[in-house]
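Just so it is clear, none of the values below were taken in a lab; they were calculated from the coordinates. Given the structure is predicted, the values throughout are model-derived calculations rather than measurements. Don't worry about glycine lacking a Cβ; one is built from the backbone with ideal geometry, like all the others, and counts go over all protein chains shown.
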Amino acid sequence: MTRAAVPGLPSRYPIGELLPALYADDDLAQRFTAGLDTVLAPVLSTLDNLPAYVDPALAPADFLPWLASWVGVEADPAWPVELRRAVVAHAVDLHRWRGTRRGLVERLRLVCGVHAEVRDGGGATWSAEPGAALPPPPTGELLVRVWPVRGPDGAGGVDAVDVHRVVEVATASCPAHLTCRVEVLPDPPGEPEQTGG
């Protein structure tokens, strides 16, 4: 990310106008300060627009990785700019729910544009009865089922799901002691498949 001179960008605060009256008509002083204005104009413009630089919806695209580092989120440079903006904007919520089912479902919805259901093989059980049977051993697997978000016209089938990205996001969120398995479904679990007319 570099910010340099912008050709033709006028300074809102020309230095030549701030000089004492003695130098107001001095050609050398005015040309010298005009050169300084050219160098300082992008800096002053950036400072005047600073709130836009820290707003993910308005920040320049080359500024997004730096902004993402502020909120501790990784936005893949290969993702479209609008997706990176959305991930940075929702970073606080993503961090709040990190490591939970809800967090994984929200991240998959945001990053991959899919609905998801997460079933994990961990957990704990207890019994009020002494000597009760032990619970079955955990499966050691995190099962992530995803299905496409359909538009009002029913568009957006399984082909629209980026399986590689879904697996990447799910595995990154999977606890180290579990294996991760992803299933891509045509429709939400428990609903009959839609048939074409």
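Considering only the other residues whose Cβ falls under 9 Å of the Cβ of residue 143, what net charge follows from Lys and Arg at +1 and Asp and Glu at -1?
Its environment carries a net charge of -1.
Near residue 25, within a Cβ-to-Cβ distance under 13 Å, what is the net charge of the other residues, with Lys and Arg +1 and Asp and Glu -1?
Around residue 25, the charge tally is -2.
Please give the helix 101-112 orientation as an angle from the longest Cα principal axis of the chain, in degrees from 0 to 90, rounded to the nearest 10.
Approximately 50 degrees, to the nearest ten.
Lone cysteines in the chain, defined as no other cysteine's Cβ under 4.7 Å from theirs: which are they?
112
Suppose R0 equals 41 Å; then what is the FRET efficiency for residue 39 and residue 95 from their Cβ-Cβ distance, rounded to the nearest 0.05?
Given R0 = 41 Å and the Cβ-Cβ separation, E is 0.55.
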